[in-house]
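The values are calculated or read from the model by the stated rules, or taken from the named source; none is laboratory data. The structure displayed is predicted, hence computed values, not measured ones. Don't worry about glycine lacking a Cβ; one is built from the backbone with ideal geometry, like all the others, and counts go over all protein chains shown.
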Amino acid sequence: MRVLELVGFEGPRSLQLGERPEPRPGPGEVRVRFRNMALNHLDVFITRGLPKRPLPAILGSDGAGIVDAVGEGVDSVAVGDEVVLYPIVTCRECAACQAGQEVHCPKMAILGEHTDGTFEEQLVVPAAICHPRPAHLSWEETAALPLAWLTAWRLLFTRGGLQSGDWLVLVGIGGGVATACLLLARAHGLRVIATSRDADKRQRALDLGADAALPSEAFSKAVQEVTGGLGARAVVDTVGPATFDESIRSLGREGMILTVGATSGPKLELLLPRMWFRHLALITSTMGNHSEFRAMLDDVNAHQLRPPVDRVFPLSEGAAAFAHLEAGDQFGKVVLSG
């Protein structure tokens, strides 16, 4: 079968098409033949050695396809089922797993980061991580869901505890997590302000339901005006040092910075008294538990949500897909076809 292999850590040029034997499922496992797979910034970071994986490696956390073989003892999934994958494999036995806190499992593995992932024609996975794909979505849209939408759901509702009527600012609209946050937030009745340097992206955010869309430069004053001086309840900032000061200035009292990434760099300086005296919080997150994945899919189905797909590349053009994502011009998810 064909696979997209990472053979070095020099960015997209370290990816090449390869061949591996067709895998066979063992007890409790199924084999999925992928229709589509989607990229995340995590995949791009790994091509730069952040983190380094043993090589050659197969990246990819997101995938949707058809079950074409099942192992012994599997009765929850059948050959022919159309599925989307929860992107995390755990031991299912430790105290964290038993409590439904899979993100804290000591043996937790993200597909594509800690184990071979979805950028191949077929993958064997535990039957337990297979879920029916939403019937209203295309294969490309389904593949766009797993990691970004799971991360967004946990960030907004578990970690952030946001509720209907809250003001939410999304810094740098366009990526998978930000667009997922926009659609999920609107479905839950939040009021959303998006920022971008790109006028077209601002318009697309408005088309998706944002209440306002602002230029990225010095946006905090405009946020205060849009919210009537209240400031935002929360700001989702995945940019980091380049925007953090403006994000903090956008918050109302007892507001929250919610972050799952830092595309402008991993280090920043905080003026802590500004945080203390306004009772502000910095809340981080990544990925999500299996129950949160189910809740996210429930929201997608109940509200007929559709993840924006930017472009679809064939697996053979995987390096070009990575370069496109790394350039940062996309709106929505970059997807591969199997």
Hey, which of the helices (runs of 4 or more DSSP H) in region 262-338, taking only ones fully inside, have at least 1 residues that are under 25 Å from residue 8 (Cβ atoms)? 318-327
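For residues that are of a type in the set (A, V, I, L, M) and buried (at least 21 other Cβ atoms within 10 Å of the Cβ), scanning just region 84-102, find the one that is nearest to residue 288 (Cα to Cα).
My answer is 88.
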On the given criteria, is residue 208 touching an Asp or Glu at 6+ places or on another chain (Cβ under 6 Å), crowded, with 16+ Cβ neighbours inside 10 Å and not charged (D, E, K, R)? no
Please go through region 31-76 and give me each residue that is exposed (fewer than 15 other Cβ atoms within 10 Å of the Cβ) and hydrophobic (A, V, I, L, M, F, W, C), ordered by number. 50, 55
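If you scan region 213-230, which residues turn out to be assigned to a strand (DSSP E or B) and among the small types (Gly, Ala, Ser)?
Our first condition is that a residue be assigned to a strand (DSSP E or B); within region 213-230, this holds for 213-215.
Hit for region 213-230 is 213, nothing else.
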When only residues in region 127-164 that are touching a Gly at 6+ places or on another chain (Cβ under 9 Å) and surrounded by fewer than 19 Cβ atoms within 10 Å (Cβ to Cβ) count, which is farthest from residue 288 (Cα to Cα)? 164
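Say whether the condition of being part of a strand (DSSP E or B), at pLDDT 95 or above, under 26 Å from residue 321 (Cα atoms) and not assigned by TED's automatic domain parsing to the domain that holds residue 183 is met by at least one residue in region 66-79. Show your work before the answer.
The first filter runs over region 66-79 and keeps only residues part of a strand (DSSP E or B), leaving 66-70.
Then keep just the ones that are at pLDDT 95 or above; that gives 66-70.
From the residues that got through so far, the ones that are under 26 Å from residue 321 (Cα atoms) too are 66-67.
When the remaining residues are screened for being not assigned by TED's automatic domain parsing to the domain that holds residue 183, the result is 66-67.
There is at least one residue in region 66-79 that is part of a strand (DSSP E or B), at pLDDT 95 or above, under 26 Å from residue 321 (Cα atoms) and not assigned by TED's automatic domain parsing to the domain that holds residue 183.
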Exclusive hit being in a loop (DSSP other than H, G, I, E, B) and modelled with pLDDT of 95 or more, set 21, 12: 21
When residues of region 69-106 are filtered for being over 23 Å from the mean Cα position of the chain (by Cα) and of a type in the set (A, V, I, L, M, F, W, C), how many remain? 9
I'd like to verify a number: residues in region 196-223 that are farther than 21 Å from residue 156 by Cα and among the polar types (S, T, N, Q), how many? 2
Of everything in region 82-123, what is assigned to a loop (DSSP other than H, G, I, E, B), of a type in the set (Val, Ile, Thr) and either free of Cβ contacts under 8 Å to residues at least 60 places away in the same chain or not assigned by TED's automatic domain parsing to the domain that holds residue 317 (or both)? Give them in sequence order. 90
Can you tell me which of (1) surrounded by fewer than 22 Cβ atoms within 10 Å (Cβ to Cβ); (2) in contact with a strand residue (DSSP E or B) (Cβ under 6 Å, 6 or more places away or on another chain) is the one residue 203 doesn't meet? (2)
Quick one: what pairs do we get from region 41-63, first residue of a type in the set (Ser, Thr, Tyr), second at pLDDT below 95 and not in a loop (DSSP other than H, G, I, E, B), C-beta under 8 Å, 6+ apart or different chains? 61/42
